[in-house]
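Take a look at the structure below.
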Amino acid sequence: MAIKLQAFEPVPDSWLKAIEGIESGGDPMAIGDKGLARGLFQFHKAAWDDTTKLRKVNNLPVYPFTKATNSWVSQEYAQTYLAYLRHRLSEKIGRPAMAHETWLAFNLGMTGFSRYKYQVALVPQARYDKAMVIYHATK
(Lines give C-alpha, C1' and ligand atoms only; values in the text may rest on other atoms or scores of the structure.)
Protein backbone atom coordinates (compact mmCIF):
# COMPACT_ATOMS: atom_id res chain seq x y z
CA MET A 1 0.00 0.00 0.00
CA ALA A 2 2.50 2.64 -1.19
CA ILE A 3 -0.05 5.41 -1.50
CA LYS A 4 1.02 8.99 -0.92
CA LEU A 5 -1.63 10.88 1.02
CA GLN A 6 -0.43 14.37 0.13
CA ALA A 7 -2.35 13.98 -3.14
CA PHE A 8 -5.58 13.43 -1.18
CA GLU A 9 -7.65 16.32 0.03
CA PRO A 10 -8.37 16.06 3.77
CA VAL A 11 -12.01 15.53 4.65
CA PRO A 12 -13.65 18.55 6.28
CA ASP A 13 -14.14 18.60 10.05
CA SER A 14 -17.90 18.65 9.45
CA TRP A 15 -17.60 15.21 7.83
CA LEU A 16 -15.68 13.87 10.82
CA LYS A 17 -18.24 15.28 13.26
CA ALA A 18 -21.22 13.89 11.35
CA ILE A 19 -19.65 10.45 10.92
CA GLU A 20 -18.57 10.36 14.55
CA GLY A 21 -22.15 11.13 15.56
CA ILE A 22 -23.51 8.26 13.50
CA GLU A 23 -20.83 5.76 14.49
CA SER A 24 -20.56 6.36 18.25
CA GLY A 25 -22.79 9.24 19.25
CA GLY A 26 -19.57 11.02 20.26
CA ASP A 27 -18.58 8.38 22.83
CA PRO A 28 -14.82 7.67 22.51
CA MET A 29 -15.22 4.51 24.61
CA ALA A 30 -17.98 3.09 22.40
CA ILE A 31 -17.66 -0.59 21.58
CA GLY A 32 -19.97 -2.01 18.93
CA ASP A 33 -20.49 -4.71 16.38
CA LYS A 34 -20.34 -7.49 18.98
CA GLY A 35 -17.13 -6.10 20.46
CA LEU A 36 -15.28 -5.80 17.14
CA ALA A 37 -15.63 -2.01 16.62
CA ARG A 38 -14.02 0.58 18.87
CA GLY A 39 -13.97 4.30 19.52
CA LEU A 40 -15.52 7.41 18.04
CA PHE A 41 -15.46 6.02 14.51
CA GLN A 42 -16.08 2.35 15.37
CA PHE A 43 -12.95 1.09 13.67
CA HIS A 44 -12.53 -2.62 13.18
CA LYS A 45 -8.99 -3.93 13.59
CA ALA A 46 -8.60 -4.67 9.86
CA ALA A 47 -9.46 -1.06 8.92
CA TRP A 48 -7.19 0.21 11.71
CA ASP A 49 -4.36 -1.94 10.36
CA ASP A 50 -4.94 -0.68 6.81
CA THR A 51 -4.85 2.89 8.11
CA THR A 52 -1.65 2.16 10.03
CA LYS A 53 -0.03 0.97 6.78
CA LEU A 54 -1.16 4.15 5.00
CA ARG A 55 0.19 6.29 7.81
CA LYS A 56 3.55 4.46 7.94
CA VAL A 57 4.11 4.93 4.20
CA ASN A 58 3.37 8.61 4.65
CA ASN A 59 5.64 9.04 7.68
CA LEU A 60 2.72 9.82 9.98
CA PRO A 61 2.59 8.64 13.60
CA VAL A 62 1.06 5.18 14.03
CA TYR A 63 -0.67 3.64 17.01
CA PRO A 64 -1.83 0.19 18.08
CA PHE A 65 -5.52 -0.73 17.90
CA THR A 66 -5.68 -0.34 21.68
CA LYS A 67 -5.60 3.44 21.02
CA ALA A 68 -8.86 3.34 19.03
CA THR A 69 -10.69 4.67 22.09
CA ASN A 70 -8.37 7.69 22.35
CA SER A 71 -10.33 10.61 20.85
CA TRP A 72 -7.39 12.39 19.26
CA VAL A 73 -5.83 9.23 17.79
CA SER A 74 -9.18 7.99 16.52
CA GLN A 75 -9.82 11.32 14.77
CA GLU A 76 -6.37 11.28 13.17
CA TYR A 77 -6.94 7.74 11.91
CA ALA A 78 -10.43 8.61 10.68
CA GLN A 79 -9.05 11.63 8.79
CA THR A 80 -6.46 9.42 7.10
CA TYR A 81 -8.80 6.57 6.23
CA LEU A 82 -11.72 8.72 5.10
CA ALA A 83 -9.46 10.82 2.82
CA TYR A 84 -8.14 7.58 1.32
CA LEU A 85 -11.64 6.13 0.87
CA ARG A 86 -12.97 9.36 -0.62
CA HIS A 87 -10.14 9.30 -3.15
CA ARG A 88 -10.79 5.66 -4.10
CA LEU A 89 -14.57 6.14 -4.24
CA SER A 90 -14.25 9.31 -6.33
CA GLU A 91 -12.24 7.34 -8.88
CA LYS A 92 -14.92 4.61 -8.95
CA ILE A 93 -17.89 6.96 -9.40
CA GLY A 94 -16.17 9.49 -11.67
CA ARG A 95 -16.79 12.57 -9.52
CA PRO A 96 -15.88 13.83 -6.04
CA ALA A 97 -17.49 11.57 -3.45
CA MET A 98 -19.70 13.27 -0.90
CA ALA A 99 -19.61 12.72 2.88
CA HIS A 100 -22.52 10.28 3.03
CA GLU A 101 -21.09 8.22 0.17
CA THR A 102 -17.66 8.16 1.77
CA TRP A 103 -19.25 7.04 5.04
CA LEU A 104 -20.95 4.16 3.24
CA ALA A 105 -17.55 3.10 1.83
CA PHE A 106 -16.23 3.26 5.41
CA ASN A 107 -19.18 1.49 7.01
CA LEU A 108 -19.76 -1.18 4.36
CA GLY A 109 -16.19 -1.32 3.06
CA MET A 110 -15.41 -0.53 -0.55
CA THR A 111 -16.31 -4.07 -1.59
CA GLY A 112 -19.55 -3.94 0.38
CA PHE A 113 -20.56 -0.61 -1.12
CA SER A 114 -19.68 -1.89 -4.61
CA ARG A 115 -22.35 -4.58 -4.17
CA TYR A 116 -24.84 -1.70 -4.27
CA LYS A 117 -23.10 -0.22 -7.33
CA TYR A 118 -21.98 2.69 -5.13
CA GLN A 119 -25.59 3.92 -5.18
CA VAL A 120 -26.85 5.35 -1.88
CA ALA A 121 -30.46 4.65 -2.81
CA LEU A 122 -29.74 0.91 -3.07
CA VAL A 123 -28.29 0.32 0.41
CA PRO A 124 -30.47 -1.16 3.18
CA GLN A 125 -32.92 1.28 4.75
CA ALA A 126 -31.14 1.64 8.12
CA ARG A 127 -27.87 2.60 6.42
CA TYR A 128 -29.68 4.83 3.93
CA ASP A 129 -31.30 6.70 6.84
CA LYS A 130 -27.92 7.23 8.54
CA ALA A 131 -26.35 8.29 5.23
CA MET A 132 -29.08 10.91 4.88
CA VAL A 133 -28.31 12.27 8.35
CA ILE A 134 -24.69 12.70 7.24
CA TYR A 135 -25.77 14.20 3.93
CA HIS A 136 -27.93 16.84 5.61
CA ALA A 137 -25.28 17.62 8.25
CA THR A 138 -22.58 18.21 5.62
CA LYS A 139 -24.27 19.77 2.60
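The values are calculated or read from the model by the stated rules, or taken from the named source; none is laboratory data. Please read all numbers here as calculations on a predicted model, not as lab measurements. Every residue, glycine as well, gets a Cβ built from its backbone with ideal geometry; the counts of neighbours run over all protein chains shown.
Against the definition (over 18 Å from T51 (Cβ atoms) and buried (at least 19 other Cβ atoms within 10 Å of the Cβ)), how does V123 come out, yes or no?
yes
Output the number of residues of region 60-83 satisfying the condition of being among the polar types (S, T, N, Q) and either at pLDDT below 95 or closer than 17 Å to F8 by Cα (or both).
3
Given the conditions (1) modelled with pLDDT of 95 or more; (2) part of a helix (DSSP H, G or I); (3) under 16 Å from the mean Cα position of the chain (by Cα), report the number of the one that A97 does not fulfil.
(2)
Of all residues in region 4-23, count the ones that are surrounded by fewer than 19 Cβ atoms within 10 Å (Cβ to Cβ), closer than 24 Å to K56 by Cα and at pLDDT 95 or above.
2
Could you figure out which of (1) in a helix (DSSP H, G or I); (2) hydrophobic (A, V, I, L, M, F, W, C); (3) crowded, with 18+ Cβ neighbours inside 10 Å isn't true of W72?
So the condition that W72 fails would be (3).
So L40 clears everything in (1) in contact with an Asp or Glu (Cβ under 6 Å, 6 or more places away or on another chain); (2) in contact (Cβ under 8 Å) with a residue 40 or more places away in the chain except one condition, right? Which one?
(2)
Within region 111-139, how many residues turn out to be in a helix (DSSP H, G or I) and farther than 18 Å from I19 by Cβ?
5
Can you find a residue that is of a type in the set (D, E, K, R) and closer than 21 Å to D13 by Cα anywhere in region 51-59?
Looking through region 51-59, at least one residue is of a type in the set (D, E, K, R) and closer than 21 Å to D13 by Cα.
Within region 52-59, does at least one residue satisfy the condition of being under 29 Å from K139 (Cβ atoms) and modelled with pLDDT under 95?
yes
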